[in-house]
Structure formats: structure tokens, C-alpha cells
Amino acid sequence: MRVDGERLREDFDALAAIGATPAGGVERPSLGDAHLAARAWFLARAEAAGLETSVDAAGNHSALLRRNGPTLLLGSHLDSVPNGGRFDGALGVVAALHVLLTVQAAGLELPLTLEAIDFTDEEGTLVGLLGSEALAGVLAAESLEAPRGGRAALAAGLARAGLREDRLADARRDPASLAAYLELHIEQGPVLECAGAQIGVVTGIVGARSYSLHFRGAAAHAGTTPMDARQDAGLAAASFAVAAEELVVRNFPGCVATVGDVRLEPGAYNVVPGSAHLALEFRALETPELDVLETALLDRARNEAARRGVELGITPVGRWEPTTLDAGLGAVIERVAGGLGLASMRLPSGAGHDAQVLAGITRAGMIFVPSVGGLSHAPGELTAWEDCVNGANVLLAAALAIALPRVASAA
Ligand SMILES: [Zn+2]
């Protein structure tokens, strides 16, 4: 059994036209007009094919092929980052829909319900992983009180979508109602392409922590203050950024650390910076490694501050824990990919996904397909169409193997 690659392409293209940007990408920030239009398209497409549809209290949109038994969730997201690409999230939702359509067309009676789900606000324009966290029952009050995108944007988005903040938690599902979760997604990195692999079997999702670092020195006259008499907060921040890269490259292979923003104050040609705010984020696949990396980076920041005679304030601003995906599902994905004649490899995900939330309440597995040049979160994001179809067929075969384990292993 295979998905209809041509219909998959038609649907993918129809979706990519919603919120399309001149550069060839899409702009569908969560719960904005284009995102809501994409979600409406998804439900209409499912209904036209005779599938049942539903929208839960967190705005998660679903198409269902309902049978007796627990639900096998297949999903991803239709929102995008600002000026994003066509494939991130959308491929997983369209492929999930086509798994249902293929099973429906074959008249196959599975002992479980198949549900293709589009999770609300995966990308974090508003909160990040909002829909999957609500479904998993782990949406924290603090993430709604101080959302990444600000309170006003969250309130406006919820109002546009007809959602109520005090009811979002009603989307919670009983874990016993779920058989498993599978997600097809583009890799968003260069590993599969470099290895010449067609399918990635995702072993886990990195954990990330972020800190706001504030170096406080003394603003001074840039002409009259000698070089050896300065407390230059800007230089402390700059030395730390360079030192952080050296530290990770030398001592933490496989980890990443990024200084994504530096703001100097007062910010003038003729004033030694008295203050520097720096945004630090770092990621690792295991919690102990993340702990050691955190200690090493923050110690380094303290050393740079001391060396420059400036003070340092350290404020944690975010963290998500590393997630191990289900090894049994990984083996299933590997086996069905091999059965389809596709070369697969195991790899971790350096990006966050709804699967990391679902892994807390059910078996979760992820399938990656190659990203050309490793490019993502940009209009030029591209996955060869053949790879997209391969990914959809692996998703279908994995779903069938989960639904019919004895039949699949006998086949
Ligand atoms: Zn994504």
C-alpha cells in the first residue's frame, strides 16, 4: 500500500499557496489570518474526502478515521515562523492526512482510530508547543502569563481563533486513549543529505536552556578614559561570546551554544559601554551533559566579567528537557523504511517538535526526510519531492505496522 504521490503534491501545493511569500516560502504566524486559512483548508479537504473532523479547546485541528480502539495520532503543525519555508510542519500534516485517505480508499479495517492532527502554535510566535502541551495536560499557567510573543498577541490570536484562554486545558486527552504518536518532519539540518540517507529515524530531541546575561561596567568618555582604566561591559560580552564558541567546539562535541543577541548601552560612538545584555542559548541531548555545559558556560561568563572588572547578572529565561523517543517505534520505522528499499539512519533532533511533548504521555516516534543544504526557517527551505513521498510512505507503513503488528511482521 502506498500514498498517492500526485494527490499529495496537489494538496501540499494548495497549502503552500496560503500565506505564500514572494521569495517562495510561507508566512503563517500562529492564529494569524493565513494560519487560520490553512487550518480551514485542512478541515475542508478532510471533510470533502468523507473524513470526520474536530477542533479541540486548544484549537488543535483533526481529521479522523474512527474505529473502535485507541487513537494513533499522526501530526505536525501548519503555523510557520515569520518568513518561513513551505515544508516545516506542513509536510507532516498533509502526509498524515494522506495516510488516512490511503487507508480509507483501501477499505482497510484497522483496530484503532487514525487521527491526523495539526497542533496549535508549535513555532512559538505566541507561546510555543501550545496545542500539544494542552493535549498532554502539561500547559503551564506561567507560559500563558508571560508568553514569548507577549500577552497582547496571545489574547488577540485566541480571540481571532474563537478560543478561550481559561478553556485551553480542556484539550487534555486521557493517555489511555492513545496508542502512539508519529510525526513526519523535514530534518532542518544537513546530516541526512551528507550521509546520503533517505530517511532519518529520530532517537531523541535535544534539551535547551536559555539565559539573559547582563554585564554591568561603567559608562565613560571614549576619548579621555585610558584603555587600562575602563570597565567595558561590551568587551566582556564580546569576549564571552568568542569564549563560548571555543569552549563548545573543544569540550562539548555534539552540543551547540549560541549568543543570539547583544545590546550595548548607552550605545554611542563616543561612550565606553556601561551595560551589555546578552542572549545565551545552548542545547544537548542528555540532561547530565546539559548540566555540565551550563556550569562551564556560566563559569566562563563570570571569569570574563571578573577579568574586565564588571559585574554579571544571570537570569534564566527558558528551558526544555531532552526527550528520548520510543526505541520500539524507532525500530518499526527503521524496519518499514528498509522494506520500502530506503536507506535510513538514526539521528537526534537539534530542533524542538510536538513529539517531545507527546513523548510524555504516549509512545512517540519521528521520521525525518532530508533538507536540501540543511536550510530551514527560511523561504528557500526545500526537500526533494521524492523524499517527501518516501517520508509519507514510511509514515503510512509505520502506522500500519503499529495498527496490525502481527500482519506487518508476517508480511
Ligand atoms: Zn516544525
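The table below lists the values:
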read-out: Failed item in (1) at positive phi; (2) away from the ligand (no atom under 16 Å from the Cβ), with residue 210 passing the rest; value: (1)
read-out: The range 236-260, residues that are within 18 Å of residue 315 (Cβ to Cβ), assigned to a strand (DSSP E or B) and among the aliphatic types (A, V, I, L, M); value: 257, 259
read-out: Exclusive hit being free of Cβ contacts under 8 Å to residues at least 24 places away in the same chain, basic (Lys, Arg) and within 29 Å of residue 222 (Cα to Cα), set 300, 250, 307, 263; value: 263
read-out: Set 350, 339, 360: member being away from the ligand (no atom under 16 Å from the Cβ) and either under 20 Å from the mean Cα position of the chain (by Cα) or among the aromatic types (Phe, Trp, Tyr) (or both); value: 360
read-out: Among (1) in a helix (DSSP H, G or I); (2) buried (at least 24 other Cβ atoms within 10 Å of the Cβ) - the single one residue 116 does not satisfy; value: (1)
read-out: Count of residues meeting criterion [out of contact with any Pro (no Cβ under 7 Å at 6 or more places or on another chain) and away from the ligand (no atom under 14 Å from the Cβ)] in the range 74-102; value: 7
read-out: Within the range 131-158, considering residues that are more than 15 Å from residue 29 (Cα to Cα), among the small types (Gly, Ala, Ser) and modelled with pLDDT of 95 or more, the one surrounded by the most Cβ atoms within 10 Å (Cβ to Cβ); value: 132
read-out: Top-ranked residue in the range 352-362 [being in a loop (DSSP other than H, G, I, E, B) and either under 15 Å from residue 395 (Cβ atoms) or of a type in the set (S, T, N, Q) (or both); ranked as least open to solvent (accessible area, probe 1.4 Å)]; value: 353
read-out: Strands (runs of 3 or more DSSP E) completely within the range 1-77 that count 2 or more residues being open to solvent by 40 Å² or more (accessible area, probe 1.4 Å), at pLDDT below 95 and closer than 30 Å to residue 361 by Cβ; value: none
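Yes or no, residue by residue, for (1) farther than 14 Å from residue 130 by Cβ; (2) outside any strand (DSSP E or B); (3) within 16 Å of the ligand (Cβ to nearest atom):
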{"position": "154", "(1), (2), (3)": "no, yes, no"}
{"position": "169", "(1), (2), (3)": "no, yes, no"}
{"position": "173", "(1), (2), (3)": "yes, yes, no"}
{"position": "176", "(1), (2), (3)": "yes, yes, no"}
{"position": "181", "(1), (2), (3)": "yes, no, yes"}
{"position": "189", "(1), (2), (3)": "yes, yes, yes"}
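The values are calculated or read from the model by the stated rules, or taken from the named source; none is laboratory data. Note that the structure is predicted; figures quoted are calculated from it, not measured. Glycine gets a Cβ as well: all are built from the backbone with ideal geometry, and neighbour counts include every protein chain shown. Protein only, heavy atoms only, side chains kept; ligands, DNA and RNA dropped before computing areas. Shrake-Rupley method; radii C 1.70, N 1.55, O 1.52, S 1.80 Å.
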